[in-house]
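What follows is a set of notes on a single structure, which appears directly below.
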Amino acid sequence: MAFYLAFKEVWRNKGRFLTFSMVIALITVLVLFIAALATGLANANKQYIDNLDADLLVYQENVDIQLTSSRIGESRLNDIRRLNGVADLGLIGFASGTIVFTDGREELDISLIGVQPGKPGEPAILAGQGLRSVRADEIVLPQEDAQRAGIKVGDQVTIKTIQGTEEEFFDLLVVGLSTPQQYFFQPGGVLPLETWDEIRPQAPGSGTDQVIGNIIAVKLEDPALLELMSSRIEQYVNDVEAADKPTAILALPGYSAQQSTLSTQQFFTFFIGVLVVGGFFQIQTLQKVGQIGMLKAIGTPNRIVASASLLQIIFVTAFGVFIGGAGTLLLALSMPAGIPIVFSGAAVIASIAALLLIGPMGGLVAIRLALRVEPLNAIGL
Amino acid sequence: MNNALETIKVRKEYGDVEVEVVAVDDVSIQIQPGEFVGLVGPSGSGKTSMLAMLAGLLSPTSGGIRIDGQAVEGMSDKELTRFRRQKIGFTFQANNLIPYLTALENVEMMLRLNGTLDKKGKARAKTLLDRLGLSDRLSNLPSQLSGGQQQRVAIARALIHDPSLVLADEPTASLDTERAYQVVETFANLIHEQKRAGIMVTHDLRMTKYVDRVIKMVDGQVVEELNDSKSIAALAAGTDREQTKTNGKAEAKTTKMDFSAQQLNYAAAGGD
Ligand SMILES: Nc1ncnc2c1ncn2[C@@H]1O[C@H](COP(=O)(O)OP(=O)(O)O)[C@@H](O)[C@H]1O
Ligand SMILES: [Mg+2]
């Protein structure tokens, strides 16, 4: 009965309800794109760190776990290696550079990530092989980015970096292609630590005999002992601070600010959605007071009046979310590559669930209103 | 004979202790099945309040209401809702039909509500609408029907589920005189045929032409009952001077004024 009434009303007022579903669809598109942008930007910033085969990251002390400020060298590496419970570790350095081409192809800005071959810090290889030695003039690039730039395994690439005020060029052999490894909004090119130390931008004459990186990635024998190992490292090794991955990611430059901006936007879009649904159905119910009174007067139970309202709201919202979802999919497919929009299953499902809730949430007031209409209304008393 | 409707000193008071209005003042009436009663009286005389109590929409302050021998006062809201859909047929002044259901669906609605809509029921709904001259309007929405047609659909809805009591609140308020007569005549015929007890509240004394009995209320009390067809015909024709000797002129005037005011009101409401 409730379904019959809800369906007939929607069906006989297709235009009005369709228009309203379109508004929900637009809100859906907006919410899904913000979610995708949040995932995309988060990935672009943290992906390399997220993928690290490590449990703890060790920074220089007193830099507020700011990766770019942290300086850490091989002596600390050796100190940490000696601690009980450390399974493996690797020194990692971050810098940036540009791959240039002689044949007119567009330059490709990349993050230069220096790692110790065979140690935590090396990405998973999809094609070719990993880095062979700590001094080799080799690089591993993310497969997608390499393909887009027309780079294959076995190619020689030229990296441009700024040394002091001079542009310097280095030739590296692409030995392997990796899983996606974005770091600081650029594709991460991974190269042996000593090669990295040589080509990274640095002030002239600042060289020391030991290689200085930014962090040490530590793999634990028992990942459950995170807390214990973290304090053990800080206790037994001078001038260092350890952080787990989630903490390290939150501390990435701009990460928290960006994510909280996006989630605020998402929240407000939801909120607007709830208000729009609420307003629409409330006005609609107000217009129907006489009719609802009549329905009740002829003996329609309150339960049916309320569930007809609810069903209608759910139906219109679900339809809008469906259209919006389909629209988003089409838009996403026609998006040019390289835009930081990533539809992760979890984020999309969470957004859609929340979107489906805005109907009933917004409609609550309208349903309450409908429930409170007196059957006496029908005879104008 | 069993009464279809009986009220026992039914009373309705509105307001608090300071400003108290006695809208219905200890009214006792009885109506038999197959009897069509016109409830008339000046504005504010308590007709609507009376109708609302008979319909189980308004609880009496005191007194009793028996419909088919069943006491209405003291039923819970839930029981009243069921009682209304089973035992009462309604036509209202405005908002009579569900705007998104067709004429046929509006009539079937009563059977649907009672869970008794089957093939037979559907056929009966069609026959009834046919009888009311709407056989080619079955799948029209109310917005595609004239005021008179809408009122006739409402009449079909009021009768389809075999109610004990049919209540019509100003069924002719939005119709011109010619249509109004037609609607009331058909209504009266169906009530007689189907042996329902019918009460029609009206401002318009001319509409009493087709009723079997006129109950006249003033200030919440029944002041007059007409049973014989001669005096009813006289009332309807407006030649009943001696019947309303006391305030005859004023009454006739009020009636006319009320009628036009009613129409104005209805027009202003935009027919929503
Ligand atoms: N809800 C109410 N509250 C207070 N007084 C009311 C209410 N409804 C009706 N009345 C009063 O009760 C009396 C009878 O009203 P009503 O039943 O509408 O008469 P009628 O239908 O004959 O015009 C009038 O004096 C009216 O003002
Ligand atoms: Mg009235």
Self-check item: Greater than 18 Å apart at Cα, pairs in B:195/B:216; A:14/A:296; A:119/A:219
Solution: B:195/B:216; A:14/A:296
Exercise. For chain A, with a Gaussian network of springs between Cα atoms less than 10 Å apart, report the residue from A:171, A:79, A:209 with the top mean-square fluctuation.
Key: A:209
Self-check item: Alpha-carbon centroid distance for the pair segment A:285-338 / segment A:132-171, whole angstrom
Solution: 55 Å
Quiz prompt | For chain A, with +1 on Lys and Arg beta carbons and -1 on Asp and Glu, the positive-most of A:265, A:68, A:277 along the dipole | solution = A:277
Quiz item: From largest to smallest, what semi-axes in whole angstrom does segment A:62-238 give when each is the square root of 5 times an eigenvalue of its alpha carbon gyration tensor?
Solution: 30, 19, 13
Practice problem: Would you mind telling me the antiparallel percentage of the DSSP bridges in chain B, rounded to 5? | Solution: 50 percent
Practice problem: Give, rounded to the nearest 20 debye, the magnitude of the charge dipole that chain A has about its Cα centre when Lys and Arg contribute +1 at Cβ and Asp and Glu contribute -1 at Cβ. | Solution: 3100 debye
Self-check item: Equivalent-ellipsoid semi-axes of segment A:210-287, from the Cα gyration tensor, Å, largest first
Solution: 50, 15, 8
Exercise. Work out the mean other chain Cβ neighbour count within 10 Å for the residues of B:90-102 and drop it here as an integer.
Key: 6
Quiz item: Near residue A:160, which lysines are there with a Cα under 20 Å away, not counting those fewer than 8 places off in the same chain?
Solution: A:152
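For the pair residue A:148 and residue A:11, what calculated FRET efficiency results from E = 1/(1 + (r/R0)^6), where r is the Cβ-Cβ distance and R0 = 51 Å, to the nearest 0.05?
After rounding, the FRET efficiency stands at 0.55.
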Self-check item: Proximal lysines relative to residue B:122, as straight alpha-carbon distance under 20 Å, when same-chain residues fewer than 8 apart are discounted
Solution: A:8, B:87
Quiz item: Across 10 Å bins from the origin, how do the percents of Cα pairs in segment A:135-190 run, short distances first?
Solution: 24, 50, 24, 2
Quiz prompt | Stokes-Einstein D (µm²/s) once Rh is taken as the Kirkwood radius of segment B:1-77 over alpha-carbon pairs, at 37 °C in 0.692 mPa s | solution = 252 µm²/s
Exercise. At 24 Å minimum axial length over the Cα atoms and a Kyte-Doolittle cut of 1.6, report the qualifying DSSP H helices in chain A, or say none.
Key: A:302-333, A:345-372
Quiz item: Tally Lys and Arg at +1 and Asp and Glu at -1 over the other residues with C-beta under 13 Å from the C-beta of residue B:22: what net charge comes out?
Solution: -2
Quiz item: How large is log10 I(q)/I(0) at q = 0.15, 0.16 Å⁻¹ when the Debye formula is applied to the Cα atoms of segment B:5-264, each weighted equally and without solvent?
Solution: -1.11, -1.24
Quiz item: For segment A:25-122, what is one quarter of the convex hull surface built on the Cα atoms, given in nm²?
Solution: 10.7 nm²
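Scan chain A and hand back the longest stretch that contains none of the trypsin sites (Lys or Arg not before Pro) lying in DSSP loops with at most 16 other Cβ atoms within 10 Å.
A:153-381
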Quiz prompt | Per-selection Rg to Rh, the protein assembly as shown - Cα, Kirkwood hydrodynamic radius | solution = 1.31
Quiz item: Normalised by the residues of chain B, what does the relative contact order come to in percent, with Cα pairs under 8 Å and at least six apart?
Solution: 25 percent
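Within chain B, what's the longest run with no GluC sites (Glu not before Pro) in a DSSP loop and at most 15 other beta-carbon atoms within 10 Å? Give the range, please.
B:21-272
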Quiz item: Packing-wise, with mean Cβ within 10 Å as the measure, how do A:112-119, B:135-142 rank, highest first?
Solution: A:112-119, B:135-142
Exercise. With a length cut of 20 Å (Cα positions projected on each helix's long axis) and a Kyte-Doolittle mean of at least -0.5, go through chain B and give me the DSSP H helices that pass.
Key: B:177-194
Quiz item: How long are the three semi-axes of the equivalent ellipsoid of segment B:88-168, in whole Å, if each is the root of 5 times an eigenvalue of the C-alpha gyration tensor, listed from largest down?
Solution: 17, 15, 11
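Across the residues of A:369-379, average count of Cβ atoms on other protein chains within 10 Å?
Rounded to a whole number, the mean comes out at 4.
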Exercise. Run through the DSSP bridge list for the protein assembly as shown and note the antiparallel percent, rounded to the nearest 5.
Key: 65 percent
Quiz prompt | Partner chain coverage, peptide A:297-310 - average Cβ within 10 angstrom | solution = 5
Quiz item: Considering only DSSP beta bridges with both partners in segment A:62-238, what is the antiparallel share in %, to the nearest 5?
Solution: 75 percent
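Explain nothing, just the number: relative contact order of chain A, from Cα pairs under 8 Å at least 6 residues apart, as a whole percent.
Value for chain A: 28 percent.
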Exercise. Give the dimensionless ratio obtained when the Cα radius of gyration of segment B:1-146 is divided by 2.2 N^0.38 Å.
Key: 1.23
Practice problem: Take the alpha-carbon positions of chain A, form their convex hull, and give its projected area averaged over all directions (one quarter of the hull surface) in nm². | Solution: 25.3 nm²
Quiz item: To the nearest 20 debye, what charge dipole does chain B have about its Cα centre, counting +1 at the Cβ of each Lys and Arg and -1 at the Cβ of each Asp and Glu?
Solution: 900 debye
Quiz item: What is the magnitude of the charge dipole of the protein assembly as shown about its Cα centre, with +1 placed on the Cβ of each Lys and Arg, -1 on the Cβ of each Asp and Glu, and no other charges, expressed in debye to the nearest 20?
Solution: 4080 debye
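For segment A:1-40, count all C-alpha to C-alpha pairs, find those more than 11 Å apart, and express that count as a whole percent of the total.
68 percent
No value in this document is a laboratory result; all are computed from the given coordinates. Just so it is clear, the model here is predicted, and its values are computed rather than measured. Cβ coordinates were reconstructed from backbone atoms using ideal geometry, including for glycine residues, and neighbour counts include every protein chain displayed.
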